Amino acid sequence: MSTHAANSIVPGHEKGKRKLVRRAAPDESQRIRHVVQGVFVALNVWIGAQFVAWVRWFERGGHGWAMSRPAGVEGWLPIAGLMNLKYLLVTGRAPAVHPAAMFLLIGFLLMSVLMKKAFCGWLCPVGTFSEMLWKAGQRVFGRNLEVPKWLDHQLRGLKYLLLGFFVFVIAWMPAEALKDFMAGPYGTIADVKMLDFFRGIGVVGIAVIGWLVLLSVFIKNLWCRYLCPYGVLMGLVSLVSPVKIRRDAEACIDCGKCSRACPSQLRVDKLVQIRSVECTACMACVASCPVENALQLALPPRKAETAVARWRGLVVRPPAVVAILAAIFLGVVLVARMTGHWQTHVPRDVYMQLVPHANEVSHPM
Ligand code: SF4
Ligand code: SF4
């Protein structure tokens, strides 16, 4: 029992329940989550800066201080990760080009198996940026736009279509074709092509990204909810996760604060557990709940009538979430490094031919 907790009346809103409940202790989950998000953004900035320096070295004709290529940049190549994963599953052989993309994908999928879609809520820099935008909108305008239910459901389908398209194409390609694609000029410098997209972004690209940013100020998690195929892949895998947001309907006073706090617009106050593919395990609902132990990120089974201690033993606290995410992330990187499958082994001469002329390398299909 928390030392901060104290018996108090916490009135319910929806059913007018008034009962003696224990007020929840101050919740640390959001502070901890924001620190983790900040660390992951910083890691990505560091990797990005290192990658730009590596590309510039080739563009300067190999003059100046040579930087090694940061394999972590392949975390931004999810399609390469999927292709390589299929190649591994079909042939039993690790891919030679962009293996880190596959190892990182495996790591993030493992996180989804154990910790719901925590990759999206705790690590993904795009999710972090998206969250900053809608929170800024909330501060400036007092609230965010509620997308009507019918439209929300329709729009959520977009990301399934995008994921379906990529999965279909990759499933259709034979393993050897995937290997050839990845080892070809386009596949080899797919990361450089991605960088060039942003370096040479045109009017259309700026307009599209500008609109997405603007809409994200008004609509909570716009990109993650409607457009991100990576997120929906994580969400589908997260359905098997034993960890879920669980509500004790007896302790709950139906105040509805959890639902209002949920960036995915889930009706947390109406369910006893959140199975949705949209739940990012962000714990914003838990943080907003005024009643001790009414809402938890927890393993099954739910609290037995007579076994309160058992319920508490199954709760997953924020430090445990951080420890599990860190263990998986560092674990896959370590395994990839120790087995020699972290770095892409492409001779420097090949990069010297391709990188400075990346804009001339077109997609083979
Ligand atoms: S249900 Fe809770 S943990 Fe899941 S997305 Fe909503 S606020 Fe986050
Ligand atoms: S679970 Fe949701 S509705 Fe119930 S008391 Fe907590 S915040 Fe209020």
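The values are calculated or read from the model by the stated rules, or taken from the named source; none is laboratory data. Because the structure is a prediction, the values reported are computed rather than measured. Every residue, glycine among them, receives a Cβ derived from its backbone with ideal geometry; neighbour counts consider all protein chains shown. Accessible surface areas use protein heavy atoms only, side chains included; no ligands, DNA or RNA. Shrake-Rupley method; radii C 1.70, N 1.55, O 1.52, S 1.80 Å.
Residues being in contact with a Cys (Cβ under 9 Å, 6 or more places away or on another chain), more than 8 Å from ligand 2 (Cβ to nearest atom) and in a loop (DSSP other than H, G, I, E, B): count how many of those fall in the stretch 273-294.
Selection size over the stretch 273-294: 6.
Taking the stated definitions as given, is residue 220 in contact (Cβ under 8 Å) with a residue 40 or more places away in the chain, assigned to a loop (DSSP other than H, G, I, E, B) and among the basic types (Lys, Arg)?
yes
What are the residues in the stretch 137-154 that are open to solvent by 20 Å² or more (accessible area, probe 1.4 Å) and in a loop (DSSP other than H, G, I, E, B), if any?
142, 143, 145, 146, 148
Name the single residue that is least open to solvent (accessible area, probe 1.4 Å) among those in the stretch 271-283 being more than 8 Å from ligand 1 (Cβ to nearest atom) and under 20 Å from the mean Cα position of the chain (by Cα).
The selected residue is 277.
Whether any residue in the stretch 229-252 is without any contact (Cβ under 8 Å) to a residue 12 or more places away in the chain and open to solvent by 20 Å² or more (accessible area, probe 1.4 Å) is what I want to check.
Yes, the conditions are met somewhere in the stretch 229-252.
From the list 69, 60, which one is closer than 19 Å to residue 337 by Cβ and basic (Lys, Arg)?
Of the residues listed, the single one that is closer than 19 Å to residue 337 by Cβ and basic (Lys, Arg) is 69.
Look through 286, 268 and report the one residue that is closer than 14 Å to residue 29 by Cβ, surrounded by 19 or more Cβ atoms within 10 Å (Cβ to Cβ) and among the β-branched types (Val, Ile, Thr).
Sole residue among the options that is closer than 14 Å to residue 29 by Cβ, surrounded by 19 or more Cβ atoms within 10 Å (Cβ to Cβ) and among the β-branched types (Val, Ile, Thr): 286.
Of the conditions (1) open to solvent by less than 30 Å² (accessible area, probe 1.4 Å); (2) touching a residue at least 40 places away in the same chain (Cβ under 8 Å), residue 157 fails just one. Which one is it?
The single condition residue 157 does not satisfy is (2).
Condition first: more than 13 Å from ligand 1 (Cβ to nearest atom) and at pLDDT 95 or above. Can you find one or more residues in the stretch 301-321 that meet it?
Among the residues of the stretch 301-321, at least one is more than 13 Å from ligand 1 (Cβ to nearest atom) and at pLDDT 95 or above, which makes the answer yes.
Conditions tested, residue by residue: (1) open to solvent by 30 Å² or more (accessible area, probe 1.4 Å); (2) within 16 Å of ligand 2 (Cβ to nearest atom); (3) part of a helix (DSSP H, G or I); (4) under 20 Å from residue 320 (Cα atoms).
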{"residue": "210", "(1), (2), (3), (4)": "yes, no, yes, no"}
{"residue": "225", "(1), (2), (3), (4)": "no, no, yes, no"}
{"residue": "255", "(1), (2), (3), (4)": "no, yes, no, no"}
{"residue": "296", "(1), (2), (3), (4)": "no, yes, no, yes"}
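Quick check on my filter: what residues within the stretch 227-253 are part of a helix (DSSP H, G or I) and of a type in the set (A, V, I, L, M, F, W, C)?
227, 232, 233, 234, 236, 237
I'd like to check something: does the stretch 177-193 contain any residue that is among the charged types (D, E, K, R), closer than 26 Å to residue 69 by Cβ and open to solvent by less than 80 Å² (accessible area, probe 1.4 Å)?
yes
Which residues, taken from the stretch 236-266, are near ligand 1 (Cβ under 9 Å from one of its atoms) and under 24 Å from residue 217 (Cβ atoms)?
The answer is 258, 259, 261, 262, 263, 264, 265, 266.
Would you check if residue 261 is within 16 Å of ligand 2 (Cβ to nearest atom), in contact with a Ser or Thr (Cβ under 9 Å, 6 or more places away or on another chain) and open to solvent by less than 30 Å² (accessible area, probe 1.4 Å)?
Considered against the rule, which asks whether it is within 16 Å of ligand 2 (Cβ to nearest atom), in contact with a Ser or Thr (Cβ under 9 Å, 6 or more places away or on another chain) and open to solvent by less than 30 Å² (accessible area, probe 1.4 Å), residue 261 comes out as yes.
When the stretch 48-97 is examined, which residues are found to be within 20 Å of residue 180 (Cα to Cα) and of a type outside the set (A, V, I, L, M)?
Result: 74, 78, 81, 84, 86, 87, 91, 92, 93, 95.
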